[in-house]
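Written below as structure tokens is the structure these notes are about.
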There are 2 protein chains.
Amino acid sequence: MRAARLIPALAWLRVYDRDALASDLLAAVIVTIMLIPQSLAYAMLAGLPPHVGLYASILPLVGYALFGSSRALAVGPVAVVSLMTAAAIGKIAAPGSPEYLAAAIALAALSGLCLLALGIARLGFLANLLSHPVISGFITASGILIAASQLRHILGVPGGGDTLIEIARSLALHVDAANLPTLAIGALAIGFLIWVRSRLKPLLLGLGLHRRLADVATKAGPIAAVLATTLAVSWLGLAGDGVRTVGDIPRGLPPLTLPPFDASLWLDLLPAAILISLVGFVESVSVAQTLAAKKRQRIDPNQELVGLGAANVAAAFSGGYPVTGGFARSVVNFDAGAETPMAGVLTAAGIALAAAFLTPLFFNLPTATLAATIIVAVLALVDLPAIRRTFVYSKSDFTAMAATILVVLGVGIEAGIVTGIAVSILLYLWRTSRPHMAIVGQVPGTEHFRNVLRHQVITSERVLTVRVDESLYFANTRYLEDRIYDLVAARPKLAHVVLMCPAVNFIDASALESLETIVLRLKAAGVIFHLSEVKGPVMDRLQRSSFLEHLTGEVFLSQYHAMARLDPATTCRAAQAALPAPSTGMKVA
Amino acid sequence: MRAARLIPALAWLRVYDRDALASDLLAAVIVTIMLIPQSLAYAMLAGLPPHVGLYASILPLVGYALFGSSRALAVGPVAVVSLMTAAAIGKIAAPGSPEYLAAAIALAALSGLCLLALGIARLGFLANLLSHPVISGFITASGILIAASQLRHILGVPGGGDTLIEIARSLALHVDAANLPTLAIGALAIGFLIWVRSRLKPLLLGLGLHRRLADVATKAGPIAAVLATTLAVSWLGLAGDGVRTVGDIPRGLPPLTLPPFDASLWLDLLPAAILISLVGFVESVSVAQTLAAKKRQRIDPNQELVGLGAANVAAAFSGGYPVTGGFARSVVNFDAGAETPMAGVLTAAGIALAAAFLTPLFFNLPTATLAATIIVAVLALVDLPAIRRTFVYSKSDFTAMAATILVVLGVGIEAGIVTGIAVSILLYLWRTSRPHMAIVGQVPGTEHFRNVLRHQVITSERVLTVRVDESLYFANTRYLEDRIYDLVAARPKLAHVVLMCPAVNFIDASALESLETIVLRLKAAGVIFHLSEVKGPVMDRLQRSSFLEHLTGEVFLSQYHAMARLDPATTCRAAQAALPAPSTGMKVA
């Protein structure tokens, strides 16, 4: 049982049968066809030789199949993580150098260890620090940045740059030297791939093709582009016209590699590894959960961390680079009928066959074609309507999203995600640091107390009741103190203040000290301080401190009890008053 | 009017009279007596020549008096900020070098600009990120670290170190070379100062001395120690026996200095300047608020930022280093009867006189005496009972506090404060990421709904009501989804889920997406999702999104309305049932 909890594969392997194998095999064939050009392209995006992409699509898939909890997640190189890899190791070594590859392997190892550590410590919660608007903004901006970075391959010019401005400047510098045959191949490939994505499937279905076959044909678009442009380069001898191709790729299975054990290198890479782990995990787990829900299966986020960690460690030991679950690829895997992670193992076998036998075929594959597959894939991730939607719903979420997008495009991909996390946390703290506080009064004819600004209520001259709609903690204690002193200062006849706490879920040590200060200061001003409607867990904790001994007033079970004790005349009159006309809206304040 | 808001001094100067002047003058004399040895000592703690401490106690006091909002705050060099200054500029230049002094001046300028910027942008809220336990732990650990760092002056040995271990190791290395006359002076000074602090005042009061005079005598302890040990060194010729003294101090008023305009230096110092600003501001504003409250005056935190900013800019232009409001010094100022910030201006005049005429007197002042004043002052800040109190009240606050203390002592003062802030924010997010969620049922004989675990209530088989006791935001949406799916999966007969939201103060964009996902997934499972008791502001915001169009169920004004609609039979029976025996405690869950 414990082994099955550690290695989910033991559970599904026990009941594995021929039907499941047939389904998994079909899914594996389709995913393999899709993954070959993707893995070559994303390796190029990461600044690595194309075969590294193939290596990253073999053992990591087996690692995830053994330890992951999703039945449909397809692991491998993905666009955003490839760009993050390039950004991280580009600071340490020059692309193409052996140090660059070694750093990529170290990054995979480190990222795998981070994921494993988070999974074993059950810290999957950290991924929650990435809010949806930040993720969405990050993916959109990364998509734009990645597409822009690939334009130079379409134009057949040198260049580079980490930000949109640098990329644009570099392109402007070289655009005159564009290679026309390369541009033709790239433009045709982009046009073809867009056509396949948007038009091919309806066309095939219209021609009476079976739905699943039409699906396969659509997903085979990139491989068709690869074959067509490779053949074109060979037959027309375009390599002589300056069309850059993939060239010689080592043929064979991935070698056993060891990540370089260099403490200063690991330390340099650690921040990037943490970010890559978080981003990769968030992407993976959301697609895994979406797919699992369709079949009423459950995903264990901490087990996902272990699965992805195993995949990255496997990448490090087999000459790969950081991997994670891909969105489009996993959906294809699921739609193609994958029943178990065995589909991933079979996909790995397919890629292994390609690495062993097919690499010579890629000699004449133009890099422009790979760039075209990347551009079309990442532009599908760009979600501009989400920006508008977020703007309408919440300015503060929009601020975090906009900051993420601007910093990703203007400074870089790592700075962008860090900014997004920091801004969303600061804005959340800012929001909870100014809690909604309402002066409440009694609704005539009832024992209920409501906001004086939203309801016709009866208040007392001697007793001020303030309802605070937030837990009390370090970021809002100063605001609470200020508000209460201001309210008291404006009411000379006041004898009692009641803090009504139905929405206070905890009071931390800072807030406790503030409450003690409030009690003392109000006491000096001749005003008695009470609490009402304190929740059970909060009360339990207050009883562990000396606060209740210093409290000048009482803790009332309900606000009605408080008012009945502190101002019986007003309260009694209010309770017996006629009910006001019923309010129409659905609002409760 | 606008000028008076920008420069609070204009308001109090208009009504300034002779009585106020008399009070302020007395306070200024006492504070000056206290401040002379402190400013020399804290400059030494910051690794700066002693006269820099005097310079930092002249113009900065005038700057604060013009722009600050507190009437009693006494600004100048303080222990913790001096140590932070040493830590920050010690990385950039060697103590004693001109670059070191230039960096101190740049740090004062930068810190002043940070404070001004925060004040003008009204970002005083950022100081709330420092929770009370983190501040308390930080001050305690800094006190221990500062006291330890001064032991070498008491022993008369060389040494250094930024952490407790380094300091201890350095002391152990040199302890054999301790200079006995120095040790004698240091030990006597410490003993004398402790005796003054704890015994002198009761003794003088017992002898029939007036309370205010006894106060002055007590505060004059350090200056008495300075005079006595200086005379001892002169008369006994102890300088020849290896007793290190302050030596030659330039005589005269502070020169006009310009902070060095070196972008890379400023960038290096920026993180330290931000931390120094925050720490200094938090210390100042809390003592200022405490003192203001005693006279029913108000402090404007953003104006305090401007006042402290002006003080630090003034320090930068007059050869000083970062300053802030000192706790002990402000209390003395207040107790001595300071009526207005004019007391600060008069104190500045007193220090200016000392700088102009008295510095030759300090030639034979032993550094051991200064170290003794520092040790006795900072050990008074160490608050060990606070650690225990925090431990009993809240393990999570204790964790932040313990992390701060350990990192300050073991790694350094800046790392400590950053760790404290990060840990307290992460623990707060962790806490709110697992909100308290209660299944609720109807209290028989009422329309109230309460936690099934804490009350005898009636529930429905077809309707599950979950009350969530926290705002819904990015860090807790995943937990919310998980809990609801788990609850639904365990109840096959369920037709409706009601999310009761009386404690939900906002729903951010991430949570909105999660709610949409929950609606869709439950719909697929044949379960309808409703909300109840949604607050006004939250409802207003939901109406700005498309959520309500996709919601399968309804938004009910009250939970009773929800149940009366969804399971009328159970609800009606429950409402008419006999009331249970009244509960005894004060708990409301």
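The values are calculated or read from the model by the stated rules, or taken from the named source; none is laboratory data. All figures in this text were calculated on a predicted structure; none of them were measured in a lab. Positions of Cβ are generated from backbone atoms using ideal geometry, with glycine treated the same way; all protein chains shown enter the neighbour counts. Just the protein is used for accessible areas: all its heavy atoms, side chains included, with ligands, DNA and RNA removed. Shrake-Rupley method; radii C 1.70, N 1.55, O 1.52, S 1.80 Å.
So which residues in the stretch B:259-302 are among the polar types (S, T, N, Q) and assigned to a helix (DSSP H, G or I), if there are any at all?
The answer is B:Ser264, B:Ser277, B:Ser284, B:Ser286, B:Gln289, B:Thr290, B:Asn302.
Conditions tested, residue by residue: (1) at positive phi; (2) open to solvent by less than 20 Å² (accessible area, probe 1.4 Å); (3) aromatic (Phe, Trp, Tyr).
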site: A:Ser136; (1), (2), (3): no, no, no
site: A:Ala141; (1), (2), (3): no, yes, no
site: A:Ala147; (1), (2), (3): no, yes, no
site: A:Leu151; (1), (2), (3): no, no, no
site: A:Gly159; (1), (2), (3): yes, no, no
site: A:Leu164; (1), (2), (3): no, no, no
site: A:Asn179; (1), (2), (3): no, no, no
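How many of the residues making up the stretch A:153-174 are in a helix (DSSP H, G or I), free of Cβ contacts under 8 Å to residues at least 24 places away in the same chain and in contact with a Ser or Thr (Cβ under 7 Å, 6 or more places away or on another chain)?
1
Restricting attention to the stretch A:498-513, and to residues there that are small (Gly, Ala, Ser) and under 16 Å from A:Thr432 (Cα atoms), which single residue is farthest from the other protein chains (Cβ to nearest Cβ)? Outline the logic, then answer.
Looking only at the stretch A:498-513, we keep the residues that are small (Gly, Ala, Ser), and these are A:503, A:509-511.
This time we only want the ones that are under 16 Å from A:Thr432 (Cα atoms), so: A:503, A:510-511.
Values: A:Ala503: 4, A:Ser510: 4, A:Ala511: 9 Å.
So, considering only residues that are small (Gly, Ala, Ser) and under 16 Å from A:Thr432 (Cα atoms), the one farthest from the other protein chains (Cβ to nearest Cβ) is A:Ala511.
Looking for something over 30 Å from the mean Cα position of the chain (by Cα), surrounded by fewer than 18 Cβ atoms within 10 Å (Cβ to Cβ) and among the aromatic types (Phe, Trp, Tyr) - is there at least one such residue anywhere in the stretch A:227-241?
Our first condition is that a residue be over 30 Å from the mean Cα position of the chain (by Cα); within the stretch A:227-241, this holds for A:227-241.
Narrowing further to those that are surrounded by fewer than 18 Cβ atoms within 10 Å (Cβ to Cβ): A:227-228, A:231, A:234-237, A:239-241.
Keeping just the survivors that are among the aromatic types (Phe, Trp, Tyr) gives A:235.
There is at least one residue in the stretch A:227-241 that is over 30 Å from the mean Cα position of the chain (by Cα), surrounded by fewer than 18 Cβ atoms within 10 Å (Cβ to Cβ) and among the aromatic types (Phe, Trp, Tyr).
Quick one: which residue in B:Ala343, B:Ala328, B:Ala356, B:Ala349 is in a helix (DSSP H, G or I), touching a Ser or Thr at 6+ places or on another chain (Cβ under 9 Å) and open to solvent by 10 Å² or more (accessible area, probe 1.4 Å)? Outline the logic, then answer.
Details: B:Ala343 fails: open to solvent by 10 Å² or more (accessible area, probe 1.4 Å); B:Ala328 fails: touching a Ser or Thr at 6+ places or on another chain (Cβ under 9 Å); B:Ala356 fails: touching a Ser or Thr at 6+ places or on another chain (Cβ under 9 Å).
That would be B:Ala349, the only listed residue that is in a helix (DSSP H, G or I), touching a Ser or Thr at 6+ places or on another chain (Cβ under 9 Å) and open to solvent by 10 Å² or more (accessible area, probe 1.4 Å).
What is the residue count in the stretch B:276-301 for residues that are under 15 Å from the mean Cα position of the chain (by Cα) and open to solvent by 20 Å² or more (accessible area, probe 1.4 Å)?
Step one: of the stretch B:276-301, the residues under 15 Å from the mean Cα position of the chain (by Cα) are B:276-290, B:301.
In the following step, the residues that additionally are open to solvent by 20 Å² or more (accessible area, probe 1.4 Å) were identified as B:278, B:283, B:286, B:289-290, B:301.
Summing the residues that are under 15 Å from the mean Cα position of the chain (by Cα) and open to solvent by 20 Å² or more (accessible area, probe 1.4 Å) in the stretch B:276-301 gives 6.
For residues that are open to solvent by 60 Å² or more (accessible area, probe 1.4 Å) and part of a helix (DSSP H, G or I), scanning just the stretch B:542-561, find the one that is farthest from B:Thr459 (Cα to Cα).
Among those that are open to solvent by 60 Å² or more (accessible area, probe 1.4 Å) and part of a helix (DSSP H, G or I), it is B:Glu549.
Just to be sure before I move on: is B:Pro537 at the interface with another protein chain (Cβ under 10 Å from one of its Cβ atoms) and either open to solvent by 10 Å² or more (accessible area, probe 1.4 Å) or not in a helix (DSSP H, G or I) (or both) in the structure I sent? Working first, answer last.
Values: at the interface with another protein chain (Cβ under 10 Å from one of its Cβ atoms): yes; either open to solvent by 10 Å² or more (accessible area, probe 1.4 Å) or not in a helix (DSSP H, G or I) (or both): yes.
Here the answer is yes, as B:Pro537 does meet what is asked.
Given (1) assigned to a helix (DSSP H, G or I); (2) within 24 Å of the chain's Cα centre (by Cα); (3) modelled with pLDDT under 95, identify the lone condition not met by A:Ala72.
(1)
Out of all the residues in the stretch B:146-158, is one or more among the basic types (Lys, Arg) and within 14 Å of chain A (Cβ to nearest Cβ)?
Kept after step one, since they are among the basic types (Lys, Arg), are these residues of the stretch B:146-158: B:152.
Still in the running and within 14 Å of chain A (Cβ to nearest Cβ): none.
So far as the stretch B:146-158 goes, no, none of its residues is among the basic types (Lys, Arg) and within 14 Å of chain A (Cβ to nearest Cβ).
Yes or no: the stretch A:44-63 includes at least one residue that is of a type in the set (Gly, Ala, Ser), open to solvent by less than 30 Å² (accessible area, probe 1.4 Å) and under 19 Å from the mean Cα position of the chain (by Cα). Steps first, answer last, please.
Narrowing the stretch A:44-63 to residues of a type in the set (Gly, Ala, Ser): A:46-47, A:53, A:56-57, A:63.
Applying the additional criterion that residues be open to solvent by less than 30 Å² (accessible area, probe 1.4 Å) yields A:46-47, A:53, A:56-57, A:63.
Adding the requirement that they be under 19 Å from the mean Cα position of the chain (by Cα) leaves none.
Among the residues of the stretch A:44-63, not one is of a type in the set (Gly, Ala, Ser), open to solvent by less than 30 Å² (accessible area, probe 1.4 Å) and under 19 Å from the mean Cα position of the chain (by Cα), which makes the answer no.
Could you say which residue among A:Ala495, A:Ala524, A:Ala564, A:Ala475 is within 13 Å of chain B (Cβ to nearest Cβ), surrounded by 15 or more Cβ atoms within 10 Å (Cβ to Cβ) and at negative phi? Break it down stepwise before answering.
On the way: A:Ala495 fails: within 13 Å of chain B (Cβ to nearest Cβ); A:Ala524 fails: surrounded by 15 or more Cβ atoms within 10 Å (Cβ to Cβ); A:Ala564 fails: within 13 Å of chain B (Cβ to nearest Cβ).
Step by step, each of A:Ala495, A:Ala524, A:Ala564, A:Ala475 is checked, and only A:Ala475 is within 13 Å of chain B (Cβ to nearest Cβ), surrounded by 15 or more Cβ atoms within 10 Å (Cβ to Cβ) and at negative phi.
Output the residues belonging to the stretch B:359-386 that are in a helix (DSSP H, G or I), touching a residue at least 12 places away in the same chain (Cβ under 8 Å) and open to solvent by 40 Å² or more (accessible area, probe 1.4 Å). Explain how you work it out, then say what you get.
At the first step, the residues of the stretch B:359-386 found to be in a helix (DSSP H, G or I) are B:359-362, B:367-379, B:384-386.
Of the ones still in play, those that are also touching a residue at least 12 places away in the same chain (Cβ under 8 Å) are B:359-362, B:367-379, B:384, B:386.
Of everything in the stretch B:359-386, those that are in a helix (DSSP H, G or I), touching a residue at least 12 places away in the same chain (Cβ under 8 Å) and open to solvent by 40 Å² or more (accessible area, probe 1.4 Å) turn out to be B:Pro360, B:Leu361, B:Leu379, B:Leu384.
Being surrounded by fewer than 24 Cβ atoms within 10 Å (Cβ to Cβ) and not in a loop (DSSP other than H, G, I, E, B) is the filter here, so list the residues in the stretch A:87-104 that pass it.
Filtering the stretch A:87-104 down to residues surrounded by fewer than 24 Cβ atoms within 10 Å (Cβ to Cβ) leaves A:87, A:90-102.
Within the stretch A:87-104, A:Ala87, A:Gly90, A:Pro98, A:Glu99, A:Tyr100, A:Leu101, A:Ala102 qualify.
Looking at (1) touching a Leu at 6+ places or on another chain (Cβ under 8 Å); (2) open to solvent by 40 Å² or more (accessible area, probe 1.4 Å), which one does B:Phe398 not meet, given that it meets all the others?
Here B:Phe398 meets the rest and fails (1).
Please go through the stretch A:379-400 and give me each residue that is facing another protein chain (nearest Cβ under 10 Å) and under 30 Å from A:Leu193 (Cα atoms), ordered by number.
Of everything in the stretch A:379-400, those that are facing another protein chain (nearest Cβ under 10 Å) and under 30 Å from A:Leu193 (Cα atoms) turn out to be A:Ala386, A:Arg389.
Select, from B:Ala127, B:Ala109, the only residue that is within 14 Å of another protein chain (Cβ to nearest Cβ), over 21 Å from B:Ala377 (Cα atoms) and surrounded by 23 or more Cβ atoms within 10 Å (Cβ to Cβ).
On the way: B:Ala109 fails: within 14 Å of another protein chain (Cβ to nearest Cβ).
Among B:Ala127, B:Ala109, only B:Ala127 is within 14 Å of another protein chain (Cβ to nearest Cβ), over 21 Å from B:Ala377 (Cα atoms) and surrounded by 23 or more Cβ atoms within 10 Å (Cβ to Cβ).
Looking only at the stretch A:536-559, count every residue that is out of contact with any Phe, Trp or Tyr (no Cβ under 8 Å at 6 or more places or on another chain), touching a residue at least 24 places away in the same chain (Cβ under 8 Å) and over 15 Å from A:Val498 (Cα atoms) and tell me the total. Give the derivation first.
Of the stretch A:536-559, the ones out of contact with any Phe, Trp or Tyr (no Cβ under 8 Å at 6 or more places or on another chain) are A:536, A:539-540, A:542-543, A:546-550, A:554-558.
Next, only the ones that are touching a residue at least 24 places away in the same chain (Cβ under 8 Å) stay: A:542, A:547, A:550, A:554-558.
When the remaining residues are screened for being over 15 Å from A:Val498 (Cα atoms), the result is A:542, A:547, A:550.
Within the stretch A:536-559, residues that are out of contact with any Phe, Trp or Tyr (no Cβ under 8 Å at 6 or more places or on another chain), touching a residue at least 24 places away in the same chain (Cβ under 8 Å) and over 15 Å from A:Val498 (Cα atoms) number 3.
Test of understanding: among B:Ala239, B:Ala220, B:Ala224, B:Ala214, which residue is at pLDDT below 90 and within 18 Å of B:Ile185 (Cβ to Cβ)?
Numbers: B:Ala220 fails: within 18 Å of B:Ile185 (Cβ to Cβ); B:Ala224 fails: at pLDDT below 90; B:Ala214 fails: within 18 Å of B:Ile185 (Cβ to Cβ).
Answer to the check: B:Ala239.
For residues that are in contact with a helix residue (DSSP H, G or I) (Cβ under 7 Å, 6 or more places away or on another chain) and of a type outside the set (Phe, Trp, Tyr), scanning just the stretch B:447-461, find the one that is farthest from the other protein chains (Cβ to nearest Cβ).
Ranking the qualifying residues of the stretch B:447-461, first place goes to B:Ser460.
For the stretch B:411-444, what are the residues that are in a helix (DSSP H, G or I) and of a type in the set (Val, Ile, Thr)? Talk me through it step by step, then tell me what you get.
To start, the set of residues in the stretch B:411-444 that are in a helix (DSSP H, G or I) comprises B:413-433.
Those that are in a helix (DSSP H, G or I) and of a type in the set (Val, Ile, Thr): B:Ile413, B:Ile417, B:Val418, B:Thr419, B:Ile421, B:Val423, B:Ile425, B:Thr432.
Check whether at least one residue in the stretch B:419-431 is touching an Asp or Glu at 6+ places or on another chain (Cβ under 9 Å) and closer than 29 Å to B:Leu522 by Cβ, and report yes or no. Let's see the steps before the verdict.
Step one: filter the stretch B:419-431 for residues touching an Asp or Glu at 6+ places or on another chain (Cβ under 9 Å), giving B:424, B:427-428, B:431.
If we keep only those that are closer than 29 Å to B:Leu522 by Cβ as well, we get B:431.
Yes, the conditions are met somewhere in the stretch B:419-431.
What single numbered condition from (1) in contact (Cβ under 8 Å) with a residue 12 or more places away in the chain; (2) away from every other protein chain (no Cβ under 11 Å); (3) outside any loop (DSSP other than H, G, I, E, B); (4) open to solvent by 30 Å² or more (accessible area, probe 1.4 Å) fails to hold for A:Val408?
Unmet condition: (4).
Those residues that are under 31 Å from the mean Cα position of the chain (by Cα), open to solvent by less than 40 Å² (accessible area, probe 1.4 Å) and free of Cβ contacts under 8 Å to residues at least 40 places away in the same chain, I need them from the stretch B:192-216; list them, please.
Of everything in the stretch B:192-216, just one residue is under 31 Å from the mean Cα position of the chain (by Cα), open to solvent by less than 40 Å² (accessible area, probe 1.4 Å) and free of Cβ contacts under 8 Å to residues at least 40 places away in the same chain, namely B:Val196.
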